Structures are given as structure tokens and as C-alpha cells.
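For reference, the structure is listed below as C-alpha cells.
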Amino acid sequence: MNRIITYAINQNDGLVVSRVGDEMAWPILQYEEMRPENNFQTSYKLEKIPVLSVGCEYRALRFTRKIPVKLKNKHREFWGFSLLKD
């Protein structure tokens, strides 16, 4: 079976998500990484979630191909795809 990756921007928060089949890679904020030493810089980790669990948030996703290669490669690595050249 051919696996296809699609990218979307969550219009509520601007984060990039991706979809492969019936699963999505969703960025989850890592609260424990936010410390005074790093000026509370945000850090995200991609986690797989079923598409059906996204619920009404799915309407806020704008699917697009216009995603920076650096972000695409983070998602491609997460899914086990080969990386794109810059």
C-alpha cells in the first residue's frame, strides 16, 4: 500500500500537523521543558493520534503543500519517510 503524507496548518494556533492514513501527527506542548533558565521557551513533541479523535478541531485545519522543508522533514522523520533536500 502506498503511504501518502499530507500537511495542514491549525488555524487556531498556527501549528503544523500531518496525516498518514487514519492517523495524525499532532504537536504536543512539553510543559516540563519550559523553565526560567530558557526563558520559558516552548517545545513540542509529535504524537500519533487517530483522525477521529481530533473531533471538531479538524475544521480548523487548512491542508496545504506550502510548508517549510524543515518542518516537513520533522514530520517525515516522525512517520519514517525519507527526508527532502533543502
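We did not get these values from a lab; they are worked out from the coordinates using the rules stated. Model, not experiment: these values are computed from the prediction. For neighbour counting, all protein chains shown are included, and Cβ atoms are generated from backbone atoms with ideal geometry for every residue, glycine included.
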Self-check item: Dipole magnitude of region 5-79 about its Cα centre (Cβ charges: Lys, Arg +1; Asp, Glu -1), debye to nearest 20
Solution: 480 debye
Practice problem: Would you look at the GNM of the chain, springs on alpha carbons closer than 10 Å, and say which of Asn73, Asn39, Asn12 moves the most? | Solution: Asn39
Quiz item: Looking at (i) 44, 29, 23; (ii) 42, 21, 20; (iii) 46, 34, 21, which value of Cα extents along the principal axes in Å comes from a calculation on the structure shown?
Solution: (iii)
Quiz item: For the charge dipole of the chain, defined by +1 on Lys and Arg C-beta atoms and -1 on Asp and Glu C-beta atoms about the Cα centroid, which residue among Tyr31, Val69, Val17 has the Cα displaced farthest towards the positive pole?
Solution: Val69
Exercise. Using just the helices of the chain, give the 222 nm mean residue ellipticity in deg cm²/dmol: DSSP H runs with n ≥ 4 each add -39,500 (n - 2.57), and the total is spread over all residues, rounded to 500.
Key: -4000 deg cm²/dmol
Quiz item: What length, rounded to one decimal in nm, is gained on full extension from Ile4 through to Thr42, with 0.36 nm per residue of separation minus their alpha-carbon distance?
Solution: 10.8 nm
Quiz prompt | Reachable aspartates and glutamates, given that their alpha-carbon falls under 20 Å from the alpha-carbon of Lys72 and they are not under 8 places away in the same chain | solution = Asp13, Asp22, Glu23, Glu47, Asp86
